[in-house]
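Peer 1: Sharing a structure below in structure tokens format, with a few things to ask.
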Amino acid sequence: ASIKALPLFLAHLLAHLCSGGRVERREGTSFVFAAAIPIACIAAMFAFTGALDELLYCTLQFNASHPVHAARRAIGVVFFFAGAPAFTLRFAQRLSHLAAFAIWYPLLVLCFWPIVGPRDLLPLAPLIALWFASRATKPIAAIAFVAAIAANFVNAPEWERVGERHRFVDAVTRLTSPNEFVYDFKGDAIFRRRPVRMIYDVVGRTLTRNGVLADRGPEEIVAHGCVVAIPDSDRIPARTRAFLNAHFIKRGDIRVCGVIARGDTFTIVVPHTYAVFAHDIAIDGIPYHAPRFLAAGRHTISGARNQRVTERVTILASVR
């Protein structure tokens, strides 16, 4: 499910070998075929549909294209092949398999992984918990428990963001139909298609910011008739963020394409059915009675009797 399976597997293998273990030829052959057969079947299916290049790009090349300073790559390689084996082999006979794994895995990640974040080291958490539970005295365990509770309170903003994501999904599924597009970072809406192809994780944001990937959010949003988007965030590429802030209005936990008309005209950027929140209003000279389709471009607004509108009028894309 994740390319992180590779350093996890290599760390287990190195832990096994450095403690004097051997890999039997028959077992090794069985393992290789067991891993290769499902991968080959998936690759064959994508090749049959003409999407093998896309599979390789999305699973391998996209993350690999994240810029990493040459010095960091060189230092990682030198340290791993020169220092890590000597350090590990010195204590190999005294280490259990899991203890050796706990050394090899972070070394592999820190030396070779292009982007290192807190989640990359999560596999070590259960090992630390097991070690601590087997070694700690009752007073130390009590202190650690209190510290863990305190850490959760410190980390409360992160849990609040999880709640925001849940509310966003609830709003999307409640207010949009399955055939509508929703602009988000990387499939946050879960049950809806995205108008843009690229995801905006650390890699996507970096490649967009340095110009490797074009920020075509506005064009794709218009082309796909997307009228629903995530709330504002500094993670949104600059050009798309400016477009959304100019043409989308916050409605609860989502943003909807629309405009607040302050004069006789207003501009629509995404062709769609729009609702007008006002009474006795005419759009393009036609009295407004129910949501109607508005093409992209400039439109006029007036009172039902061709009177000048002096108040602000909200016009929003009509979602379910």
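The values are calculated or read from the model by the stated rules, or taken from the named source; none is laboratory data. As the structure is a prediction and not an experimental result, all values here were calculated from the model. Neighbour counts are summed over all protein chains in view; Cβ atoms, including those assigned to glycine, are modelled from backbone coordinates with ideal geometry. The area values use the complete protein model at the heavy-atom level, side chains included, leaving out ligands, DNA and RNA. Shrake-Rupley method; radii C 1.70, N 1.55, O 1.52, S 1.80 Å.
Peer 1: Go through segment 1-17 and give me each residue that's surrounded by 10 or more Cβ atoms within 10 Å (Cβ to Cβ) and either in contact with a Phe, Trp or Tyr (Cβ under 8 Å, 6 or more places away or on another chain) or not in a helix (DSSP H, G or I) (or both).
Peer 2: Passing the criteria: I3, K4, P7, L8, L10, A11, H12, L14, A15.
Peer 1: In segment 214-228, what residues are touching a residue at least 24 places away in the same chain (Cβ under 8 Å) and part of a helix (DSSP H, G or I)?
Peer 2: Of everything in segment 214-228, those that are touching a residue at least 24 places away in the same chain (Cβ under 8 Å) and part of a helix (DSSP H, G or I) turn out to be G217, P218, E220, I221, V222, A223.
Peer 1: Kindly provide the set of residues from segment 269-285 that are surrounded by fewer than 18 Cβ atoms within 10 Å (Cβ to Cβ), touching a Pro at 6+ places or on another chain (Cβ under 9 Å) and part of a strand (DSSP E or B), ordered by number.
Peer 2: Scanning segment 269-285 gives T273, A275.
Peer 1: Keeping to segment 108-148, report how many residues are more than 21 Å from F9 (Cβ to Cβ) and among the basic types (K, R). Spell out how you get there, then give the answer.
Peer 2: Taking segment 108-148 as the starting set, the residues that turn out to be more than 21 Å from F9 (Cβ to Cβ) are 118, 129, 131-148.
So of that shortlist, the ones also among the basic types (K, R) come out as 135, 138.
Looking only at that region, the number is 2.
Peer 1: Name the residue that is nearest to V202 (Cα to Cα), counting only residues in segment 96-125 that are open to solvent by less than 20 Å² (accessible area, probe 1.4 Å) and aliphatic (A, V, I, L, M).
Peer 2: That would be V109.
Peer 1: Still on this model: Of all residues in segment 170-201 being under 15 Å from the mean Cα position of the chain (by Cα) and either among the β-branched types (V, I, T) or in a helix (DSSP H, G or I) (or both), which is surrounded by the fewest Cβ atoms within 10 Å (Cβ to Cβ)?
Peer 2: Applying the filter and picking the extreme gives I190.
Peer 1: Among all residue pairs at least 6 apart or on different chains, which show Cβ distances below 8 Å where the first residue, located in segment 23-47, is on the phi < 0 side of the Ramachandran plot and at pLDDT 90 or above and the second is open to solvent by less than 80 Å² (accessible area, probe 1.4 Å) and part of a helix (DSSP H, G or I)?
Peer 2: Within 8 Å, the pairs are I42/L55; A43/L52; A43/L55; F46/L52; F46/L55.
Peer 1: Give R308, R298, R320 a once-over and let me know the one that is in a strand (DSSP E or B), charged (D, E, K, R) and either open to solvent by 10 Å² or more (accessible area, probe 1.4 Å) or touching a His at 6+ places or on another chain (Cβ under 8 Å) (or both). Give the derivation first.
Peer 2: Working: R308 fails: in a strand (DSSP E or B); R320 fails: in a strand (DSSP E or B).
Only one candidate qualifies: R298.
Peer 1: Can you find a residue in segment 96-111 that is part of a helix (DSSP H, G or I), at pLDDT 85 or above and hydroxyl-bearing (S, T, Y)?
Peer 2: Yes, there is a match, as at least one residue in segment 96-111 is part of a helix (DSSP H, G or I), at pLDDT 85 or above and hydroxyl-bearing (S, T, Y).
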